[in-house]
Amino acid sequence: MTLAPEGRTEIDIDGGGCSCCAIDTTTDASALAETAVDASLVEATFGVAGMTCGSCVAHVTQELSAIDGVDGVEVELVNGGVSGVTVRSSAPVSDAAIAAAVEEAGYRVAER
């Protein structure tokens, strides 16, 4: 085991899969991602590499939702590929803030 940022425990799983599947998360990704689409919100869509399951989605959603001004996050999971992520916010969010949040969750921003 290795210790990840903010005390998250990451476990290397033999035979593939993602290490976050071994982490017990109480965050419901669908609850975090649900938001009414408001025409006044700014929308940014980008790719995130390496997500393989709902727990991965929950981690990325939680980190992006913590950015000041973010009102909603939607993830189109592509198991093991580049997943589409849309962030809705009241004002534009910097690419650096998005990349930092995705990296904090244990993944990386990638081209779609």
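Coordinate-derived values only; no laboratory data. Worth saying up front: this structure is predicted, and the values here are computed from it rather than measured. Here Cβ is always computed from backbone atoms with ideal geometry, including for glycine, and neighbour counts include all displayed protein chains.
Quick notes on this structure:
- Cα-projected label distance for residue 44 with residue 78, points at 7 Å along beta-carbon direction, nm: 2.0 nm
- Mean projected area (nm²) of the alpha-carbon convex hull when the range 47-112 is viewed from all directions: 3.7 nm²
- Interchain or long-range residues, amide H under 5 Å from residue 51's placed H: 80, 83
- Judged by the mean number of other Cβ atoms found within 10 Å, the most tightly packed of the peptides 48-57, 90-99 leads the ranking 48-57, 90-99.
- Scalar couplings 3J(HN,Hα) for the range 77-94, obtained by applying the Karplus form with A = 6.51, B = -1.76, C = 1.60 to θ = phi - 60°, are 5, 10, 3, x, x, 9, 8, x, 10, 10, 10, 10, 9, 6, 8, x, 9, 5 Hz; x denotes Gly and Pro.
- Taking amide H as placed 1.01 Å from N in the peptide plane, the amide H of residue 72 sits under 5 Å from that of 88, each at least 5 places away or on another chain.
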